[in-house]
Structure formats: structure tokens, C-alpha cells
Amino acid sequence: MALQSLDITRRSATTTPSPSQRKTQEVVKLIDVSKCIGCKACQAACMEWNDTRDKIGTNHGVLDNPMDLTANSWTVMRYSEVETGRGLEWLIRKDGCMHCADPGCLKACPAPGAIVQYSNGIVDFQEENCIGCGYCITGCPFNIPRLSGKDGKVYKCTLCSDRVAVGLEPACAKTCPTGAIVFGTKDDMIHHAEGRVADLKSRGFAEAGIYDPLGVGGTHVMYVLQHADKPGIYHGLPKDPSVSAMVTLWKGAVKPIASFALAAGVFGAFFHYVTKGPNEVSEEIEKEFKDEK
Amino acid sequence: MTNHWVDIKNANVIIVMGGNAAEAHPCGFKWVTEAKAHNHATFVVVDPRFTRSAAVADLYVPLRTGTDIAFLGGVINYLLSRDKLQHEYVKAYTNAPFIVKEGYEFNDGLFSGYDEAARTYDKSTWAYEAGPDGYARLDVTMQHPRCVLQLLKKHYSRYTPEAVSNICGTPGDTFLKVCELIATTSVPDRTLTFLYAVGWTQHSVGSQMIRTAAMVQLLLGNVGMAGGGVNALRGHSNIQGLTDLGLMSNLLPGYLTLPGEKETDYRKYIGARAFKPLRPGQMDYWQNYEKFHVSLMKSWFGNAATKDNNWCFDWLPKLDKIYDVLQAFELMHQGKLNGYFCQGFNPLASIPNKAKLTAALSRLKYLVVIDPLDTETSCFWENHGKYNDVDPARIQTEVIRMPSTCFAEENGSLTNSGRWLQWHYRGAPPPGDAKPDAEIIAGIFLKLRDMYRKEGGAFPDPILSLTWDYDIPHSPAPEELAKEYNGKALADLADPKDPAKAVLRKGQQLDGFIQLRADGSTSCGCWIFSGAWTEKGNMMARRDNSDPSGLGNTLGWAFAWPANRRILYNRASCDPSGKPWDPNRRLVYWDGSKWTGFDVPDFKPDSAPSEGMGPFIMQPEGVGRLFALDKMAEGPFPEHYEPFETPIGTNPLHPKVINNPAARVFRDDMKDFGKSRDFPYAATSYRVTEHFHFWTKHTRISSILQPEQYVEIGEDLAKEKGIKAGDRVKVRSKRGFIEAVAVVTKRIRPLQVNGETVHHVGIPIHWGFKGIARNGYLANTLTPFVGDANTQTPEFKSFLVNIEKA
Ligand code: SF4
């Protein structure tokens, strides 16, 4: 059994039913973009807690750094200078895994148990099961998972599942000096977010709102946006993200059949792995996947 | 801070100006977000750049760097001309009704008494008119043409919205919007807080910028109020403690001052500091100066300090001038200062004009550096290619480095911006041979004392008589030092109300500075810290955050100087009758027999309101000063002077007096100031959140988050110069150049100033030739060697550069 409060409710490429005896509360990390000052303390805390370090890079003419998510940087701040009706606004969005209720990565993943979802909603990668195929990257509507050049496995934000399991908030939420990141049950977070939206409206942000997109079943990382009608201005936050038709199909009809093929494929891959290192799913599935794209 | 971090949450309007709190103080900045969330506060940022603070502001207001006095002077003019004052407060608690001496004048940029050759003022006319009783004269109707209010009106009548806009480049309607917002806090139940930092101090007129804000707050009745005040956000975790302990060339601990070279008479020295009251019935707390001073001398020299030898007054150095860091490097540069101890300080990186500093350091015989890090200063003689292009063979300075601990490797207290002394415990042992600073200094001292004992010397007395009774002489413990600052009774102290009783027995720790005596029966290393370590123990280590008023004045949390008081001048939060102006901001009040409340009253506890004592008890007249008398170098009212390097080459208010006429400029530095025809852009230097000064380029995570030196320019200037984001650019001032990556941004906009377009170039300071971040140029290669006329803090914030593609 997983750690207390981390009952696995979904497991990639698996048909074994999930346990359902216990019920934990759904959690949400709420990121209030209107309170974020872009200090990157959350980025630092993420590296500290997870023991990840990117290389010391270079400046690319912007304040963003590292420039993109990597297998070592599971969250980065995205700075957008936008002209709105109010004049110049500097919108700073903390980017990272959204922990979708309906996770495209998990659905796309052909490796049994490489991606799991806990009953509290956290979507977690179990890298020891990851075969490095990268399908999760294609399956993610937010372009989050990153393949490591070092071990050929895919990494992303865990929502600090290890901390949450023992009753702590995620490291970024703990660190954020302005309270732009808060963590709690989904109900509480929605309530909190509604208060924030009301405050923003009173300050003239008529379109302030909560970002919790339905196309992915809602998310366990939500944003408060000053301009919820235009998520795209926040460094390309998708307006209506959804799990691609292919992945849905893959899960709905094809996967039960394909899983058998996959099981064989993975079995083959296992022998392949011990002799040649990490590799991929069966070529048939890969081809199928590509064709659909 | 007059107030403290948590108190920011009580404000209705928050103005960040002369600082960038979100960027440089992200943790304290949370109280701004609290004020917005729970007090529906309006948050305004006034800055040449649209900063990280501006990113979450309700209103961003651009202004040209170095023009804050013009802006705030315009605010004063607005408040006065529209009669938006807290009238009762202004009348009772400021010197607005005081009559100024005949002869005081201001004409064409100069106040009366200017001596051009000496660049100083004879300040004798900057004074009150004395009445027949010897006290200052008042006109409570405030109609007298020479009363402060009328002079104030006259002085700032020139600061019209048009003049402000013309000097600052702030669009007129935006300026008026800010004025309106500020004016809403002139009512008793709304407050404004100003949060500033080195964006005000680091100008040749820095102190006067801060004063202008203080004047605005006095006119609005916002000083002494919860959610009000003028709040300096300090840039290091313990820089407040550094100033408190007097680590300035002209200060003694607790803001006592060293004598000047003419002050050889002890009584006169005390007399000049223990001011006589300027109005009847005033507390005039500095009258106690001698108690603080004698207790300090007893703490230093113990039994050697006696009444007969004037408590060792002759042993104190007598200053011919102040030895601020610019002065020290000037002397070093002239070859007149040949040995330098550099403790927890990286001047090569953090003082202006690197070329001059390198030349100066190269003329030293020896340089001792005490620091946890491999600083640029300690390696000034190493060649690091273009970043530090020196020839080591030609530098003869002997450099001695002594590794010290950092804060997390020792116990001690850090004093935050809100004057809280918070005790902390060591988190890890120091690496290698690193030793606490106290141990290093103790080692040097003991060795010196030994040499003086054995070999004698010109003047061994102060060294041989210095109190040194630590348990382990070569390693004084932080706890012992803290107790020494607090002070103790050297004899049984009789109760002033009942001499038969003793309030303290000999040897006991003092309860606070109220117990200090001028007769040698108390010792105290820093009077304002008295109360921090009493017989009850270490008050700084207290962690009770109960907050009965909800205003955040947690009296059981740590210790705040003075006397655990959280909000200075809090008597002014009540009307003259002793009732709080605002029932929701009840800090203290008169309960019929004494002052009491949720903060430690900043007042004589039993002085009934009817006695008429003023709330500003440190001032001899008991009220806040709109007119500063002779306390400022460049005038009793702040006046707009251009930075020494001005992009417009004139002062629109008085073209004959362009810069601060009282600022000290060394002869050789004058020629190093650039002109706008060669260096057309207004530059300003600053910190960014990812880094802390020149330290965190030594740490991996900070270096990952902001790895490489950059400068910021606006899109228009970039276009003019053909610079794209990510290009390498060369930024040049009269004193040298740096190269960096260009960040091209919408957040810096050209401003229309006096008929010209002024572009700003933003220069973050954090890179250098040591550490693990990408090597870069020291930003202070560019900055000018001139400081504020009162404090000599260098003008890092306003200078001129040119920029081109590298
Ligand atoms: S720590 Fe908070 S304020 Fe700082 S960048 Fe992250 S979300 Fe924004």
C-alpha cells in the first residue's frame, strides 16, 4: 500500500482494479498570479526539496531562468509583459504540472505503473517504471513532462507527494513569501479563490476568475487570473486544454486490447532493457500513436 | 522603520518609492499583500522602472531617477493648496505654528548663509525666533508670515503639478491621481505608509528625500499611527543593528556621537548634546545624554572611568571630519591611509568607481579581510582577464585573509528593519578554520594588548584599560556581549521614589535605559539595547506572538528598541486629550491616570494630556519638524537638486544651482563626472530578487536562477540603438565600462523631461569576478564617487551612461 493518504486510484497501462476502500480529500495547490512577484523562491524551494540542480546557464535577454522546464527544473516562472486596458501589466505565472483530474500523460503512458494518480488527485511519475518513451509528453495538454538526458526517464512536479503524504504542504507553497501559493482541500481552495476573484473585481479586473479547466476534468493546480477570459496572455496558458482525441481513444477502446500487446511488448522490452538499456514500447503501438497524431 | 513590518498590514494606502520591496524584501513584502487582502489597501509604486513591486500594484507611477523631492514637494504643495491636512495634528504636533528667525531666506536655489568656497552653510538663520521667555515663539493661528506653515507654503508653491511633471517626467494626470489618493489619508481614520530603501538613501540628496516623505506624513497626521510612518526597509538582515551599534566613523553606540576636534571640554561636549527644551513642559529626552554616555564609558573602561577623569573623555578620538567610506578611500588613494581592516565588507564591489578603488587598494601597505567568502576586495590584486585587468606584479599590498563564520554558524541577534532584536541559534558548525568575528577581533586585541604591556607605546591607556572580562578571553560569547550591551548595576541602585529601597542590586542586569545613571553606578554598552537581556533573561529569544489588539504589536515576541516599543511616536496616535484618533487603531491612550495600551507608550507614562507635553519627546520642542532647523546640511526645507550627473544638464527650478550645493565633492572626482552630451542616458543600479548583493553568486541555486550579468533598457532605446534582447552590450560611464546581456523590456519607458526625452538604463549589481555564477564586471565600475551631503551615502542611483552593442 502506498503511503498514508496516497492510495493509488489510477495506474498507467494497468487493468487491475484500484483500491477504493479509503477516501482521502482532494487537494489543490492554488497559484494566485495577481499576488505573485516573480521572486522565484518557489523555484529555489523546488530544487532544494527535490535535490535537483540544473546547470548554471546564461541570460537570454529576459528574466526567465532556467528558460524552460527541464528534468531538473520542475517549475519555472514565466514573465509576460502585456498591454491591457489598464496599461502595462507584468504577468508572472508559475509554470509546472497542473495535476489534471483527467491526466493525459497517465492515459498515454504505455508502461505499467510509470504514472499513477492518488485518490487526493496528485498525478505522480514512478520513474523506476518509466521506459522513457515520451508518450506522456505528447499526451500532456500543458507541455510539462521533460525527458532526462541523463537517465532517459521523464520527470515533472510531484506536487511534493512525499510531503503531502505526511501532512505537509508542497515546498513551493511553504516558501512563497506573498501567499501567492496556497494549498488545501479543493473545496477550501475554491472558496479562497472566490474571495480573491471578488477582490480583483473590486480593483477593476472585471474578468478575474479561476482557472480550473474542464477539458481535463479540472486540475489540482489552479490559478487565480486577473484576466481569466484570456489565459493565453499568461505565457500561452491554454484556453481550453483537453486530452487529445488519440489519447482518449487509446484509453477508451484501444488500450484494453493494446495492453495485452503492450504487456508482451514490455516483457520484450524488459529483456531488451537488461541487455541494452532503456527503450520503448512495441513498434506497433508507437506507429499507431504517431499515425493518430 | 518608525513602525514595523507587520504593521504595514494596517495601512490604507501603501506607497513604495525609493525602493522595490517585492524585489529586495520579498518576505517582508507579504505584509503589503496582507494589507491589500484584509484592509483593502491601495498599493502604489513610484519608480523609474516598472518593478516586481509594480507587478502587483494598483497604480504604477513613473518618475525620473533622482527627482523624488520634486515629486513629494509637489505632493506637499497639493496638500497645502487644497487644504488636505490633518489640521488638529498639524497644529498640535508639528512645528507649523513656530516662528522662524528673521534673516532666514531661500532665493534661487540657495538658503541663507551659503559659503560657496567651503560648500557649506552658516545655519544661524535656520532657527526659531525666541520669545521674551527664552522659548521659541509660536503663532497658533499660523498666519504669521514667518511661521513654518507659511514658509512651507511659500517654499513649495513652486512645485506645481506642471513643474513636477516637467522635472520628473511623470504624466500630469497620474501625478494628480497619486496626490488625490495620498490626500484621502488626511482624515484621522485612514493612514498611508511610505516604504523606502536605498532608492532614497543613495542620492546626493538622499536624506532630504526621506525628510520630504516625513513632512508629507506629518501634514497628514500619519506619524505615530498604526499603518503609518516612514519606513526604511533595511537591505541586510542586520544592517539596522550595525547602525544601532554605531559602526560609523562619527557615531558611538546608540546614536551617541563622537566629539569633534574642537570639543575638548567634557561639559561642553555633553551640553551640546543634551539640548535645552525649546518649549515649556517638554520632555526633551536627549537631556539624559550624559547618563547614556557615562554608562557607555563605564562599560568600556570600568573602574578606569571616574568622575575625576571625566569618564575617560580625553581617551575618545576627536574628529576633524567624518571618515565615511568615500573619505577613507579618498585618503587611501592619496596615499595617506596605508592599512585597512575590511570586515564583512566588499568595498571593491560595493563602493563607486572601481578604477579609483583599485588604485587606492594598490597603495596600501596591508589589507586585512575578515569574511566568510572569497571576496573581490580580497582578490583585487588578481588578474581576472577583462573583469579585473590588473597586473599583480605591480601591486605590493600585503593581503591577509581571515575566514569568518556566517550568521548561520553562530548564535546571536539580528536587528530587523522594525528594530526587533531577534535571537537566533547556530545551525551548523563553521567549516575549516573559520572563526566568529568576535574571536578574530579578540585575538588581535589580546595580542596588541600584550605588545603594549611589554613594549609600551605612545598611548597605551585605552587599550590596557579596556574592560575584557569574558569567560574565555580569546572568544567572547555572543551571550556575554549581549548582556554587556544591555548593561548592569555597578552598585545598588536606589529607587528614585523611595531611596530606602533598591531597584537593583549591584551586579544585576538593568531592566532598561530608564535606570541609567550619570554618576558611574551603571554600565551599558548601547543604551537603546537596554532591556534586551535583563534579570529575566534573554528578551530577544522570546517567541510569544499573542496579539491582543490585532494590530500586530506582539510585545512578547523578541525585543524591540527602544524599551520594547513597536511604533515610535505612538503618543501621536491620540488626540491632544489622549483619545485615539481612530478607535480601530488604538495603540496607546490616557486612562485617566496613566498612559497605557497595546504598545509601550512613547511618552512620559504619568504626564496627563492637560500638561501639554508634545508627542515627539526626543525633540526639544516636543513636536515633529516640518522645518528642520540646522539639522540638515543643505537646508531646513528639502529642495530639488539634480543628481551630480544629470541628463538634462540644468535644474529647471534654478539653473544657477543645479546640484546639491552642500554635497562634499573631492577635487579629483569632479573631473570624473560625465556630461549628458557624452553620456546621454540616466542610469540607476539595483538588486534583483534572485541574488543578495555580491554573496549569492557564490551559491548554486541563486546562480541557476539568475546566472549572468544583464542590463535593462526600454524598447524605444533598444530600437534607436539597434539592440535586441539577448545581445551583448557595452555600458560606459565617465569612469569605465561594463559589458552585459541586454534585457529589452516594456517596463522601462522614455520620459519627457524639460523638453527632452530621457531614457533609463537599469543596472543590476550582483556579478563580479568571484563565485560560481558567470563572471561579470563589477557594476560599480560605472558609479560616481559622491555622496549624500549628510550621510555621504554614495549616489549609486542616479548617474549617466552611454550604451552600444558590444
Ligand atoms: S515564491 Fe510565490 S511570489 Fe515568489 S515566484 Fe513563486 S509563486 Fe511567485
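Averaged over its residues, how many other protein chain Cβ atoms are within 10 Å of peptide B:695-703's Cβ atoms?
On the way: counts 0, 0, 1, 0, 1, 5, 10, 3, 4.
Per residue, the average neighbour count from other chains is 3.
What the Cα convex hull of the stretch B:325-463 gives, in volume per residue, is 177 Å³.
Kirkwood Rh over alpha-carbon pairs of the stretch B:521-591, then Stokes-Einstein at 37 °C and 0.692 mPa s: what D in µm² s⁻¹, rounded to an integer? Kindly include the intermediate steps, with their values, before the conclusion.
Working: Rh = 13.8 Å.
D = 237 µm²/s.
Rounded to the nearest 100, the interface formed by chains B and A buries 3300 square angstrom of accessible surface, both chains summed, with a 1.4 Å probe.
Put +1 on the Cβ of each Lys and Arg and -1 on the Cβ of each Asp and Glu in the protein assembly as shown; which of B:T191, B:S207, B:A428 then has its Cα farthest toward the positive end of the dipole? Toward the positive end, the furthest listed residue is B:S207.
Got the relative contact order for the stretch B:506-650 handy, in percent, Cα pairs under 8 Å and 6 or more residues apart?
It comes to 13 percent, rounded to a whole number.
Rg and Dmax of the protein assembly as shown, both derived from C-alpha coordinates alone, stand at 32.0, 108 Å. A straight Cα-to-Cα reach below 12 Å connects B:K435 with the aspartates and glutamates B:D371, B:E409, B:E410, residues fewer than 8 places away in its own chain not being considered. Between the amide H of A:K94 and those of A:R78, distances stay under 5 Å, these residues lying 5 or more places away or on another chain, with hydrogens modeled in the peptide plane. Note on chain B: dipole from Cβ charges, positive end direction compared against B:G103, B:V369, B:M670; the farthest Cα belongs to B:M670. Kindly state, to the nearest 0.05, the FRET efficiency for A:M67 paired with B:D498, given R0 = 60 Å and r defined as their beta-carbon distance. For R0 = 60 Å, the calculated efficiency reads 0.20.
Were the residues from B:T650 through B:K153 laid out at 0.36 nm apart, the gain over their Cα-Cα distance would be 176.5 nm. To put it simply, the accessible area of the protein assembly as shown at a 1.4 Å probe is 54 percent carbon and sulfur.
Compute, for the stretch B:325-463, the length of the dipole vector about the Cα centre, with Cβ point charges of +1 (Lys, Arg) and -1 (Asp, Glu) only. Units Debye, rounded to 20. Before the final figure, lay out each step's value.
Numbers: 15 positive and 16 negative charges, 71 e Å.
In debye, rounded to 20, the stretch B:325-463 gives about 340.
Whole-Hz Karplus values for the stretch A:174-184 come out as 4, 7, 3, x, 9, x, 5, 10, 10, 9, x Hz, taken residue by residue from phi with 6.51 cos²θ - 1.76 cosθ + 1.60 and θ = phi - 60°; glycine and proline positions read x. What is the stretch B:395-521 by shape, rounded, prolate or oblate, if you read a ≥ b ≥ c off the alpha carbon gyration tensor as root eigenvalues and call it rounded for a/c under 1.5, prolate for a/b larger than b/c, and oblate otherwise? In terms of gyration-tensor shape, oblate.
Restricting the GluC sites (Glu not before Pro) of the stretch B:299-405 to loop positions (DSSP other than H, G, I, E, B) with no more than 15 neighbouring Cβ atoms within 10 Å leaves B:E382.
Bridgeable aspartates and glutamates around B:K579 (alpha carbons under 19 Å apart, same-chain partners fewer than 8 residues away excluded): B:E88, B:D189, B:D591, B:D599, B:D602, B:D606, B:E611. When you filter the trypsin sites (Lys or Arg not before Pro) in the stretch A:91-195 for DSSP loop state and at most 14 other Cβ atoms inside 10 Å of their Cβ, you are left with A:K150.
Placing a pseudo-label 7 Å from each Cα along the Cα-to-Cβ vector at B:N250 and B:K724 gives an inter-label distance of 5.3 nm.
Taking amide hydrogens as placed 1.01 Å from N in the peptide plane, the amide H of B:L278 sits under 5 Å from those of B:E621, each at least 5 positions away in sequence or on another chain.
Taking a ≥ b ≥ c as the square roots of the eigenvalues of the Cα gyration tensor, the stretch B:667-805 is classed as oblate, since a/c reaches at least 1.5 and a/b does not exceed b/c.
Just list whichever of A:K150/A:K239; B:K84/B:K604; B:K318/B:K770; B:K336/B:K483; A:K174/B:K697; B:K770/B:K805 have alpha carbons separated by over 27 Å in the model shown.
Working: A:K150/A:K239 34 Å; B:K84/B:K604 31 Å; B:K318/B:K770 39 Å; B:K336/B:K483 38 Å; A:K174/B:K697 24 Å; B:K770/B:K805 25 Å.
Those over the limit are A:K150/A:K239; B:K84/B:K604; B:K318/B:K770; B:K336/B:K483.
So how strong a dipole does the stretch A:8-249 carry about its Cα centre when Lys and Arg Cβ are +1 and Asp and Glu Cβ are -1, to the nearest 20 debye?
Values: 26 positive and 26 negative charges, 43 e Å.
Roughly 200 debye for the stretch A:8-249.
For the pair B:A428 and B:V140, label points projected 7 Å from Cα toward Cβ lie 6.5 nm apart.
Can you compute the charge dipole magnitude of the stretch B:667-805 about its Cα centre, using +1 on each Lys and Arg Cβ and -1 on each Asp and Glu Cβ, nothing else charged? Give it in debye, rounded to the nearest 20. The partial results should precede the final answer.
Values: 22 positive and 16 negative charges, 59 e Å.
Result for the stretch B:667-805 is approximately 280 debye, rounded to the nearest 20.
Given the peptides B:155-163, B:425-433, arrange them by the average over their residues of other C-beta atoms within 10 Å, most packed first. Present the calculation step by step, with values, prior to reporting the outcome.
Working: B:155-163: 17.8, B:425-433: 10.4.
Packing order, densest peptide first, comes out as B:155-163, B:425-433.
A simple rule links phi to the HN-Hα coupling: the Karplus curve 6.51 cos²θ - 1.76 cosθ + 1.60 with θ = phi - 60°, which for the stretch B:198-207 gives 6, x, 9, 5, 8, 9, 5, 10, x, 4 Hz, with x for Gly and Pro. Stretching the chain fully between B:Q508 and B:D469 yields a gain of 12.5 nm (0.36 nm per residue, less the alpha carbon separation). Residues whose amide H falls under 5 Å from that of B:L504, counting only those 5 or more places apart or on a different chain, are B:L493, with hydrogens built in the peptide plane.
Within the straight-line cut-off of under 12 Å between alpha carbons, the aspartates and glutamates reachable from B:K30 are B:D7, sequence neighbours fewer than 8 places apart in one chain being disregarded.
Please state the shape class of the stretch B:49-190: rounded when a/c is under 1.5, otherwise prolate if a/b exceeds b/c and oblate if not, all from the C-alpha gyration tensor. Walk me through the numbers on the way to the answer.
Numbers: a/c = 2.60, a/b = 1.46, b/c = 1.78.
Judged from the Cα gyration tensor, the stretch B:49-190 comes out oblate (a/c at least 1.5, b/c at or above a/b).
Probing with 1.4 Å while keeping every protein chain in the model, the per residue accessible area of the protein assembly as shown equals 39 Å².
With θ taken as phi - 60° and the Karplus curve 6.51 cos²θ - 1.76 cosθ + 1.60 applied, the whole-hertz 3J(HN,Hα) list for the stretch B:23-35 is 6, 9, 9, x, 6, x, 4, 4, 6, 5, 5, 5, 4 Hz, x standing for glycine and proline.
Here is the P(r) of chain B: all C-alpha pair distances, binned every 10 Å from 0, give 2, 12, 23, 27, 22, 11, 3, 0, 0 in whole percents.
In this view, the solvent-accessible surface of A:E83, computed with a 1.4 Å probe and all protein chains in place, comes to about 100 Å². Can you find, among B:A572, B:P548, B:C179, the residue farthest towards the positive end of the dipole of the protein assembly as shown? Put +1 on the C-beta of Lys and Arg, -1 on that of Asp and Glu. Going by the charge dipole, the pick is B:C179.
The values are calculated or read from the model by the stated rules, or taken from the named source; none is laboratory data. None of these values were measured; they are calculated from a predicted model. Reconstructed Cβ throughout: ideal geometry from the backbone, glycine too, with neighbour counts over all protein chains shown. What goes into the accessible areas is simple: the full protein's heavy atoms, side chains included, and nothing from ligands, DNA or RNA. Shrake-Rupley method; radii C 1.70, N 1.55, O 1.52, S 1.80 Å.
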